[in-house]
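The values are calculated or read from the model by the stated rules, or taken from the named source; none is laboratory data. None of the values given here were measured: they were computed from a predicted structure. A quick note on method: Cβ atoms are made from the backbone with ideal geometry, for glycine too, and the neighbour counts reach across all protein chains shown.
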Ligand SMILES: Nc1nc2c(c(=O)[nH]1)N[C@H]1C(S)=C(S)[C@@H](COP(=O)(O)O)O[C@H]1N2
Ligand SMILES: [Mo]
């Protein structure tokens, strides 16, 4: 865009945005101090009786018992002292998933700082947008909800999901792939507020910060913020769950999970990345092919898929005959265009049927009918996104890292960080119908 166009689009925004004028109160000096007290931890008491009435707010059938399971990592991840009883992270039971939406109560939980969800009263919560902007803004939740909103289906995935390093003995799809979930998110496009605040020349990044005790902070590029980042207050038709960031979270579609700041309270527009605590401890990747140097700010998650049903390590096949192989595919780079399934250890592949509509940067359901002859079989899936990126085999993934495939098995023992691992996941079906993780086969 040349300067003239920029001027024109800024003017157009101002006219379109005229309705917003007066709604957004300009930030005063000393704003941060005010916010800290405004984000106090006292919440309005809930009407207990109504909350316990299962007809007022329903429950699933008592025959259904699919739950999140706690994850335990190595000690390096326990950033809070044991005495504070840091809550464990929890994985989504993908083996039981139906369709593409993760029930809110089963959305995986990762708390980088092992802090409990803060109990934030939405009436007291404020969002501050400041830094290299012409008009700093402070918004209440009510003000945010008056602005033009969007609802979009997107997955979130932890950068460490499927990493052989964190889950040495993973047997089920919940253990191997359970740190991704997909919801319909509702909120305001961040670009709307950044345009309203008036981003200054020279600004190129922003730092987002949370209101919880961990003060989770991350840097993201301004171009991504302007493209599709959202300030989210809705999840699957209701308010975002406390574990997912109530009352407000940042959603950065397709970027590694850690960028999606929960309990968001501050966005500062700046001219470079900040090397914040979270991003300098664990999100750079040491790569042998980079001469011992680390890869920094590796934002976008690659294409990944996994069979979730009938052959996912969580289920024993009850005998030869027909099964529908079903699974999920997703990519941080865009929409899923193709999923292939192999039932013979990768010798031949068939195109799976893809569930419509396909949303960009969202879990996408695939299905393929299969007749099991009762003999040992190896099942796996491979996806391709609309950018043409294809999910790699373990050997191909290793090649791009400049290592032998065994390197990743070794990382289990050495407890070495392997983020953004997206190799094809094979499952071995034994002749007794039991299913096993066959990634190292
Ligand atoms: N405030 C805050 N935001 C956070 C974190 C955190 O610890 N604190 N964890 C991050 C990480 S590592 C991930 S993978 C995602 C997980 O989002 P979820 O718990 O809603 O699944 O949130 C990110 N946002
Ligand atoms: Mo994460």
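Here is how the numbers come out for the structure above:
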| item | result |
| --- | --- |
| Subset of segment 176-195 that is part of a helix (DSSP H, G or I) and surrounded by fewer than 21 Cβ atoms within 10 Å (Cβ to Cβ) - its residue that is farthest from ligand 2 (Cβ to nearest atom) | 195 |
| Residue ID - nearest to ligand 2 (Cβ to nearest atom), chosen from residues in segment 199-219 that are over 28 Å from residue 105 (Cα atoms) and touching a helix residue (DSSP H, G or I) at 6+ places or on another chain (Cβ under 8 Å) | 219 |
| Residues within segment 258-267 that are part of a strand (DSSP E or B) and either surrounded by fewer than 20 Cβ atoms within 10 Å (Cβ to Cβ) or near ligand 1 (Cβ under 8 Å from one of its atoms) (or both), tallied | 1 |
| Residue list for segment 84-133, restricted to those being surrounded by fewer than 16 Cβ atoms within 10 Å (Cβ to Cβ) and part of a helix (DSSP H, G or I) | 84, 105 |
| Where a residue in segment 283-295 is more than 18 Å from residue 255 (Cβ to Cβ) and its partner, wherever it lies, is at pLDDT below 75 and surrounded by fewer than 12 Cβ atoms within 10 Å (Cβ to Cβ), with Cβ under 8 Å and at least six apart | 286/292 |
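So that you can scan it fast, the table gives a plain yes or no per residue for (1) part of a strand (DSSP E or B); (2) in contact (Cβ under 8 Å) with a residue 40 or more places away in the chain; (3) under 15 Å from the mean Cα position of the chain (by Cα); (4) not assigned by TED's automatic domain parsing to the domain that holds residue 227:
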| residue | (1), (2), (3), (4) |
| --- | --- |
| 142 | no, no, no, no |
| 148 | no, yes, no, no |
| 153 | yes, yes, yes, no |
| 156 | yes, yes, yes, no |
| 160 | no, yes, yes, no |
